[in-house]
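The values are calculated or read from the model by the stated rules, or taken from the named source; none is laboratory data. The structure presented is a predicted model; accordingly, all values stated were derived computationally and were not measured. Cβ atoms come from the backbone with ideal geometry, glycine included; neighbour counts cover every protein chain shown.
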Amino acid sequence: MTPRTQPTWTTTTQGPEETMALGEKCAALVSDGDVIALDGDLGAGKTQLVRGLARGMAVANRGSVASPTFVLMHEYQPSKPGGLVLVHIDAYRLHSADDLESMGFPGSAVDPLGELRRGAVVVVEWARKVEPILGENVLWVEITHQGPTTRRITLTGRGDWADRVRSMGTPAPSTRCPICKAGVETASQFFPFCSSRCKRVDLGRWLGGSYKISRPIDQSDLEET
Ligand code: ADP
Ligand code: MG
């Protein structure tokens, strides 16, 4: 498969809430039988993204999402009839792809989807370990550390995910709040600040004389643009 058929979409998140919001965005794209693969080191934010998926899919018990530590997988049931189950697998603890097969993934020639995927979305942490058996139709999510609270996240649409990743359009240019450096959506009501608090801090600095200006203020500076 050439890279042209595998569109990518990259963003940078500042803090766990932004990574959850991306998970929520992915949840809006899922359908029955989907597979989402999460790749990234320990503490990258894979489970954080699953929390956002759970929130977006509105599954029951979404407040309790955690890495499956003592069991190989968790299942979160839909909170409404007709909703999809969220199956959360941590491949770190799998000994081999056989373990995944014994859970009913992938299916067989007579039942290609397999028992595990039917009526569900399967999200796999440490997907690299089981990549060959995940199949062709995968949303591949790669998360890398950029700093203590900054993560670079790239989504790659493989197979039937390609059009869905294309539909996400161009990622919004990342803007930083001038006060606390958090990421700010351009649509934010406090833009370019992240919150009313940072907006007030900025005003306080102006009034307190912390900011220097290199020319006198003239009338055009005071007019609304
Ligand atoms: P993983 O499942 O990849 O091992 P977790 O999601 O369990 O990682 O943990 C990620 C940790 O990093 C959490 O403690 C979270 O609060 C923290 N964190 C800091 N910044 C971010 C960010 N931008 N995105 C996701 N998690 C972040
Ligand atoms: Mg985890």
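Quick check: anything in the stretch 88-96 within 16 Å of ligand 2 (Cβ to nearest atom), closer than 16 Å to Trp126 by Cα, charged (D, E, K, R) and at pLDDT 90 or above? Talk me through it step by step, then tell me what you get.
Restricting attention to the stretch 88-96, the residues satisfying the condition of being within 16 Å of ligand 2 (Cβ to nearest atom) are 88-94.
Next, only the ones that are closer than 16 Å to Trp126 by Cα stay: 88-94.
After this cut, where a residue has to be charged (D, E, K, R) as well, the list is 90, 93.
After this cut, where a residue has to be at pLDDT 90 or above as well, the list is 90.
Yes; the residues of the stretch 88-96 include at least one that is within 16 Å of ligand 2 (Cβ to nearest atom), closer than 16 Å to Trp126 by Cα, charged (D, E, K, R) and at pLDDT 90 or above.
Okay, residues lined up against (1) among the charged types (D, E, K, R); (2) at pLDDT 90 or above:
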| site | (1), (2) |
| --- | --- |
| Thr154 | no, yes |
| Met168 | no, yes |
| Phe193 | no, no |
| Arg197 | yes, yes |
| Gly208 | no, no |
| Arg215 | yes, no |
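If I filter the stretch 33-79 down to residues being among the charged types (D, E, K, R) and within 25 Å of Arg158 (Cα to Cα), which single residue comes out as nearest to ligand 1 (Cβ to nearest atom)? Even if it seems obvious, please write down each step before you answer.
Kept after step one, since they are among the charged types (D, E, K, R), are these residues of the stretch 33-79: 34, 39, 41, 46, 51, 55, 62, 75.
Then keep just the ones that are within 25 Å of Arg158 (Cα to Cα); that gives 34, 39, 41, 46, 51, 55, 75.
Numbers: Asp34: 19, Asp39: 9, Asp41: 7, Lys46: 3, Arg51: 8, Arg55: 14, Glu75: 18 Å.
Filtering first and then ranking leaves Lys46.
Does the stretch 60-76 contain any residue that is within 24 Å of Gln14 (Cβ to Cβ), surrounded by fewer than 19 Cβ atoms within 10 Å (Cβ to Cβ) and within 13 Å of ligand 2 (Cβ to nearest atom)? Spell out how you get there, then give the answer.
Kept after step one, since they are within 24 Å of Gln14 (Cβ to Cβ), are these residues of the stretch 60-76: 62-63, 65-67.
So of that shortlist, the ones also surrounded by fewer than 19 Cβ atoms within 10 Å (Cβ to Cβ) come out as 62-63, 66-67.
If we keep only those that are within 13 Å of ligand 2 (Cβ to nearest atom) too, we end up with 66-67.
Looking through the stretch 60-76, at least one residue is within 24 Å of Gln14 (Cβ to Cβ), surrounded by fewer than 19 Cβ atoms within 10 Å (Cβ to Cβ) and within 13 Å of ligand 2 (Cβ to nearest atom).
Based on what the data block shows, is Phe105 aromatic (Phe, Trp, Tyr), buried (at least 19 other Cβ atoms within 10 Å of the Cβ) and more than 15 Å from ligand 1 (Cβ to nearest atom)?
Working: aromatic (Phe, Trp, Tyr): yes; buried (at least 19 other Cβ atoms within 10 Å of the Cβ): yes; more than 15 Å from ligand 1 (Cβ to nearest atom): yes.
For Phe105, the condition - aromatic (Phe, Trp, Tyr), buried (at least 19 other Cβ atoms within 10 Å of the Cβ) and more than 15 Å from ligand 1 (Cβ to nearest atom) - is met.
Any residue in the stretch 4-12 that is within 16 Å of ligand 2 (Cβ to nearest atom), of a type outside the set (A, V, I, L, M, F, W, C) and either in contact (Cβ under 8 Å) with a residue 24 or more places away in the chain or farther than 30 Å from Thr175 by Cβ (or both)? First the steps, then the outcome.
So the first thing to find is which residues in the stretch 4-12 are within 16 Å of ligand 2 (Cβ to nearest atom), and the list is none.
Within the stretch 4-12, not a single residue is within 16 Å of ligand 2 (Cβ to nearest atom), of a type outside the set (A, V, I, L, M, F, W, C) and either in contact (Cβ under 8 Å) with a residue 24 or more places away in the chain or farther than 30 Å from Thr175 by Cβ (or both).
Here are Val165, Val122: which of them is touching a Pro at 6+ places or on another chain (Cβ under 6 Å) and β-branched (Val, Ile, Thr)? So that I can check it myself, show each step before the final result.
Details: Val122 fails: touching a Pro at 6+ places or on another chain (Cβ under 6 Å).
Val165 is the lone residue from the list that is touching a Pro at 6+ places or on another chain (Cβ under 6 Å) and β-branched (Val, Ile, Thr).
Given the conditions (1) more than 16 Å from ligand 2 (Cβ to nearest atom); (2) buried (at least 16 other Cβ atoms within 10 Å of the Cβ), which single one is not true for Ala37?
(1)
Scan the stretch 184-194 and give yes if some residue there is assigned to a loop (DSSP other than H, G, I, E, B), touching a residue at least 12 places away in the same chain (Cβ under 8 Å) and buried (at least 19 other Cβ atoms within 10 Å of the Cβ), otherwise no. Reasoning before the result, please.
Here is the first cut: in the stretch 184-194, the ones assigned to a loop (DSSP other than H, G, I, E, B) are 185-194.
Filter once more, keeping what is touching a residue at least 12 places away in the same chain (Cβ under 8 Å): 185-186, 191-194.
The next check asks that each one be buried (at least 19 other Cβ atoms within 10 Å of the Cβ); those that pass are 193-194.
Yes, the conditions are met somewhere in the stretch 184-194.
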